[in-house]
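Heads up: the structure comes next, in structure tokens.
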Amino acid sequence: MNTRQLRHLLAVIEAGSISGAAQQVHLSQPALSRSLRALEDELRAPLFDRVDRRLVPTPFAQAYLARARRIVSEEAEGLRELALMHSGRAGSLAFGMGSALARELLGGLVIELMAGAPRLKLRTLIETTDRLLAALRAEELDFFVGDVRAADTDAELQVEPLHACRFGWFARNGHPLQGRPGLSIRDVLRHPLVAPGFITPEQGRRFMRHYGLTGSMLDRFTLQCADGSTVRSVLMATDAVMPAIELTMLQELRAGSVVALDVQPALDAELVLGIVQRAGRTLVPAAARAFDFVRQYFAALGGEPAAGKGAPG
């Protein structure tokens, strides 16, 4: 039995005759009759009685009618759902990114995906790169946008590098160090230091070597905080200085409320942002829409003016 035979059954019930149903389903009358006989054989029950030149459903057909309609309807709905998925307007998509990137990218991406897609279900995760990686490996995420270098040696993951962010030093507009060329780390250390997010031991050691410092990097920082809103509030309200990627302060840099400091030597660290997903996995077509949006976002960033001498551009 197949849904084609069930559609034939429903057509005959509606038309009341083989000839009328044959026109409706675009079959010859003999072909439609064979289809009905095959269905009767499979169901082991007569489906029609001939009464006054009309085919009248038997009690067996009447008993099966609701199920037949439901099966045909479910098939049509399933095909519609797949068609919506192919168009990127249905399905489920789970993705993540870091807090600094989410501030700039997440809202626009979600709005883009939701537009004209009432059947699309979205779930987002804002976390550090290591936790995003763990969630992706646990198949809790379909992809994330973040530092691709954390995954580029893992054969089970597929990465697409899109944007390299250099690190720089930032402070509020009007800071005592603003506009001074060739600042040394000693100049910077006279002010509170703020560390946005989690710092790995290796990052700490590299920072200390770069500036010829000894001891623990974290001992040099007044505040270590992963909440971007809190970090920005502290930076704007105090004489604190913060090493960070430009994305962390992009809106403030554009508005002029935050400035880049010319600290020498400049931070040599880079963060390569892009798309990370599991290799060989089929994603809903809405993912392609998401990827295109992310690519366009980073392509536009490529044209951003430099934040200042010694700062990321």
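Throughout, read-outs are computed from the coordinates displayed, never taken from laboratory work. The structure displayed is predicted, hence computed values, not measured ones. Heads up, the Cβs are rebuilt from the backbone with ideal geometry, glycines too, and the neighbour counts pull from every protein chain shown.
The table for this structure:
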| read-out | value |
| --- | --- |
| Segment Ala255-Ile185, length gained on full extension (0.36 nm per residue, minus Cα span) | 22.5 nm |
| Relative contact order for the chain, counting Cα pairs under 8 Å that sit 6 or more residues apart, in percent | 22 |
| J(HN,Hα) series, the stretch 101-107, from Karplus relation 6.51 cos²θ - 1.76 cosθ + 1.60, nearest Hz, glycine and proline x | 5, 4, 4, 8, 10, 4, x |
| Arg70/Ala115 FRET efficiency (R0 25 Å; Cβ-Cβ; nearest 0.05) | 0.15 |
| Charge dipole magnitude, Cβ of K and R +1, D and E -1 - the stretch 164-270, Cα centre, debye nearest 20 | 160 |
| Nearest 10 degrees, 0 to 90: helix 228-237 Cα axis against the chain principal axis | 30 |
| Tilt relative to the chain, helix 286-301 - C-alpha long axis, 0 to 90 degrees, to 10 | 30 |
| Helical contribution to [θ] at 222 nm, DSSP H n ≥ 4, -39,500 (n - 2.57), averaged over the chain, rounded to 500 | -13500 deg cm²/dmol |
| Extent along principal axes [Cα atoms of the stretch 164-270; Å; largest to smallest] | 35, 30, 28 |
| Cα→Cβ-extended label distance, 7 Å offset, between Glu270 and Ala288, nm | 3.1 |
| Spin-label pair Ser17/Ala134, simplified geometry with 7 Å Cα→Cβ offset, distance in nm | 7.2 |
| Cα long-axis angle, helix 59-86 against the chain (0 to 90 degrees, to the nearest 10) | 30 |
| Cut-off 16 Å (backbone N to label point 7 Å along Cα→Cβ of Ala300), residues of the stretch 131-172 | 163 |
| Net +/- balance of residues flanking Phe207 in space, Cβ distance below 11 Å, scoring K and R +1, D and E -1 | +2 |
